[in-house]
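Right, one structure below, let's go through it.
The values are calculated or read from the model by the stated rules, or taken from the named source; none is laboratory data. Since the structure is predicted, the reported quantities are computational estimates derived from the model, not experimental observations. Heads up, the Cβs are rebuilt from the backbone with ideal geometry, glycines too, and the neighbour counts pull from every protein chain shown. Side chains included, ligands, DNA and RNA excluded: accessible areas come from the protein's heavy atoms. Shrake-Rupley method; radii C 1.70, N 1.55, O 1.52, S 1.80 Å.
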Amino acid sequence: MPKAGITHGPQIAPPDYAKIKKEAADEVLEQLGPIVRPDMRIAEAAEVVRQADAELALYVDERNEATASLWFYEQRQSLAKTIGATLTEYREILSECLLGDPLAELPTFETNEELVAFAEKRGVRHIPDAAEKVLEPARVVAAARARRKAAVRFLPKYKMTYGPQIAPPDYAKIQKDAEDGVLKRLGPVARPDLPADQAVEVVGRSDSSLALHLRQPGGRPDMLVAEAAEVVRQADAEIALYVDERNDATASLWFYEQRMSLAKTIGVTPTAYREILSKSLLGDARKHLPTFETNEELVAFAEKRGVRHIPDAAEKVLEPARVVAAARARRKAAVQFMQEAVLALSEKPYDWDPEKIADHAGVQRKLVYKQREAARKRHGL
């Protein structure tokens, strides 16, 4: 969360979520444990899951809206702890409420007034008594998730059969090659006074001390920041062009073919993979995927929800996955170069202000503040 210039309201003391979750899970165990007949226990567990899903559908949005109001209009501290969410889930709640996309990056703000004004402009709902309204749905959500998790363990997995894994390309190599490409492109820009190969070697060895290196004679942080920003823009354009193609093919491979290890196939984390499926099936990356006992049930639900079936998805998924992996690696590498260049330009002998840097690089001034802060943090400044 942005800190520069922001003052925070007091924390709302959270309930004992560990106790709430334990009691909810114990309740399910007491309910299902004594049932001897497997078919009856499975049916009862499925009912617990359905009830938990209904509670989540009823209370998650209420919790999230109150949470967003508490941050955007009151700047309350430690809201993730208040609602019993992880920091990742908390950021996704804010991004969804502010930007309509839980995976979008939150902008930075310099003052409380700027934060409030932006939230109003984006239509974030202001709930005056959100502090009184946030805890009850948060308790219900925590308990429902715990009950659901406990009940799912009683559901059979053996009824689902899986298609063969699609062998992934070497994503580590793809990412390394992409990072090396950025170094070869930006090294000579950072040190145009040196032969290209030597510049790449010098800059590549600089790592986190690059900002200091750029202030030496021959360094050109002004050229580097503009070129790095262009690499980021190009990577963002590639990601925007290919990520939906990758995700659509991935969703088709799971919902219609039940292919194994798809996260590895497309080179993403299990969390990112679940978000892809949730977005494709439910329209919201944060929602819990329902459970299915058979392949037929899974396919039928996907058809009902309008998930696109791509018959040749196995042939179509790898190329966009490669492109996205490479573009994200290039972006990550270029962002660090940009951060170092911003830091160098902010200090002597340049002393450029953020507005001048932003105009020169063709980016928003807020991004310059963010990049400078990241570089300073990396240097322990």
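Figures for the structure shown
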item	result
Looking only at the range 1-56, and only at residues there that are part of a loop (DSSP other than H, G, I, E, B) and hydrophobic (A, V, I, L, M, F, W, C), the one that is nearest to P290 (Cα to Cα)	I35
The range 92-107, residues that are surrounded by fewer than 18 Cβ atoms within 10 Å (Cβ to Cβ), within 12 Å of E275 (Cβ to Cβ) and among the acidic types (D, E)	D101
Unmet criterion (only one of (1) in contact with a His (Cβ under 8 Å, 6 or more places away or on another chain); (2) farther than 30 Å from A130 by Cβ) for E47	(1)
Pick from the range 350-381, criterion among the aliphatic types (A, V, I, L, M), modelled with pLDDT of 90 or more and assigned to a helix (DSSP H, G or I), ranking: nearest to V231 (Cα to Cα)	A361
Test result for E303, modelled with pLDDT under 95 and open to solvent by 40 Å² or more (accessible area, probe 1.4 Å)	yes
Any pair with Cβ under 8 angstrom, 6 or more apart, that starts in the range 27-41 at a residue that is open to solvent by less than 80 Å² (accessible area, probe 1.4 Å) and ends at one that is not basic (K, R) and not in a helix (DSSP H, G or I)	L32/F154; R41/I35; R41/F154
First in the range 154-176 and under 20 Å from R246 (Cα atoms) and of a type in the set (A, V, I, L, M, F, W, C), second anywhere and modelled with pLDDT of 95 or more and part of a loop (DSSP other than H, G, I, E, B), Cβ under 7 Å, 6 or more apart	I166/V317
In the range 230-263, residue nearest to A358 (Cα to Cα) [restricted to those that are surrounded by fewer than 23 Cβ atoms within 10 Å (Cβ to Cβ) and of a type in the set (S, T, Y)]	Y242
Residue check, G218 more than 17 Å from the chain's Cα centre (by Cα) and under 21 Å from A329 (Cα atoms)	no
Test: R147 is on the phi < 0 side of the Ramachandran plot, of a type in the set (D, E, K, R) and modelled with pLDDT of 95 or more	yes
One residue from D351, D359 being at positive phi, open to solvent by 30 Å² or more (accessible area, probe 1.4 Å) and not basic (K, R)	D351
Test: E315 is surrounded by fewer than 15 Cβ atoms within 10 Å (Cβ to Cβ) and closer than 19 Å to D170 by Cα	yes
Number of positions in the range 59-75 that are of a type outside the set (D, E), free of Cβ contacts under 8 Å to residues at least 60 places away in the same chain and part of a helix (DSSP H, G or I)	3
Lone qualifier among P137, P128, P156, P168 - being open to solvent by less than 20 Å² (accessible area, probe 1.4 Å) and part of a loop (DSSP other than H, G, I, E, B)	P156
Filter result (hydrophobic (A, V, I, L, M, F, W, C), closer than 28 Å to K279 by Cα and exposed (fewer than 14 other Cβ atoms within 10 Å of the Cβ)) within the range 108-125	none
The lone exception for S280 - which of (1) out of contact with any Pro (no Cβ under 7 Å at 6 or more places or on another chain); (2) in contact (Cβ under 8 Å) with a residue 60 or more places away in the chain it fails	(2)
Enumeration of residues in the range 53-66 that are surrounded by fewer than 21 Cβ atoms within 10 Å (Cβ to Cβ) and either more than 23 Å from E105 (Cβ to Cβ) or not acidic (D, E) (or both)	D53, A54, E55, L56, A57, L58, Y59, E62
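Conditions (1) buried (at least 18 other Cβ atoms within 10 Å of the Cβ); (2) in contact with a Cys (Cβ under 6 Å, 6 or more places away or on another chain); (3) of a type in the set (V, I, T), marked per residue:
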position	(1), (2), (3)
A46	no, no, no
Q51	no, no, no
A68	yes, yes, no
K81	no, no, no
Y90	yes, no, no
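Residues checked against (1) part of a helix (DSSP H, G or I); (2) touching a residue at least 60 places away in the same chain (Cβ under 8 Å):
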site	(1), (2)
E245	yes, yes
S252	yes, yes
A272	yes, no
R286	no, yes
E296	yes, no
V299	yes, no
